[in-house]
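Below is one structure, written out as structure tokens; the observations come after it.
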Amino acid sequence: MRKPILALMLAALAGPLVAQTSPQVSNDLTVDMSPQQYRICNDRPARPTWMDEINPREAYKAAALMELYEIRAWEEIAESGDCSCETRFPAWDSSDGEYHERYAGLSQAEHSAFRRDWIEVRKQLEPSVRTICEAQGNW
């Protein structure tokens, strides 16, 4: 008899605590079109419009360009020792031009192979880039 009463008392005491920590639920479904806020470097250049308008079956192209963009930025950071917002998030023109010139016409399998290579390059660059950017408060 004690166990059910004890369980009931515990549930009664825990109820208000759970209600206080529950996330607020809203029926407001309006879309917030304000610019995205980042932890660092909020004045980032806009991505090329084709990346947002691409057919979902070709999303691998946008993913490849994002990977290439980050690699080129990280290479510049490692070379210059500068992790300012302009270096960490440069204009997309150079990477977009390189992508269209060298990679846009390749198959999805070829894109995947290049992305794997770029991921390895990024892994090699990360320790030095992270050290530089952490020292400058941009990691």
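The values are calculated or read from the model by the stated rules, or taken from the named source; none is laboratory data. Since we're looking at a predicted model, the values are computed, not measured. Backbone-built Cβ (ideal geometry, glycine too); neighbour counts: all protein chains shown. Protein only, heavy atoms only, side chains kept; ligands, DNA and RNA dropped before computing areas. Shrake-Rupley method; radii C 1.70, N 1.55, O 1.52, S 1.80 Å.
Subtracting the Cα-Cα distance of R57 and H100 from their residue separation scaled by 0.36 nm leaves 13.7 nm.
Comparing T87, A109, C133 along the charge dipole axis of segment 49-136, the residue lying farthest to the positive side is A109, per the Cβ-charge model.
Just the number, please: carbon plus sulfur as a percent of the accessible area of segment 49-136, 1.4 Å probe, no ligands or DNA/RNA counted.
Values: 2460 of 5220 Å².
So the carbon and sulfur contribution to the accessible surface is 47 percent.
In this label model, C85 and A109 are separated by 4.4 nm, measuring between points 7 Å along each Cα→Cβ vector. For segment 49-136, the Cβ-based charge dipole about the Cα centre amounts to some 360 debye (Lys, Arg positive; Asp, Glu negative; other atoms uncharged). Here the Karplus curve 6.51 cos²θ - 1.76 cosθ + 1.60, taken at θ = phi - 60°, turns the phi angles of segment 123-129 into couplings of 4, 6, 7, 4, x, 6, 5 Hz, with x standing for Gly and Pro. Solvent-accessible area of R122, all protein chains in place: 70 Å² (probe radius 1.4 Å, heavy atoms, ligands and nucleic acids excluded). Using a probe of 1.4 angstrom and keeping all protein chains present, the accessible surface of segment 49-136 works out to 59 square angstrom per residue. The shape of segment 68-135 comes out oblate: with a ≥ b ≥ c from the C-alpha gyration tensor, a/c is at least 1.5 while a/b does not beat b/c.
Quick one: compute a quarter of the convex hull surface over the Cα atoms of segment 41-87 and quote it in nm².
Its average projected convex-hull area is 3.5 nm².
Projecting label points 7 angstrom from Cα along Cα→Cβ for Q37 and T49 puts them 2.9 nm apart.
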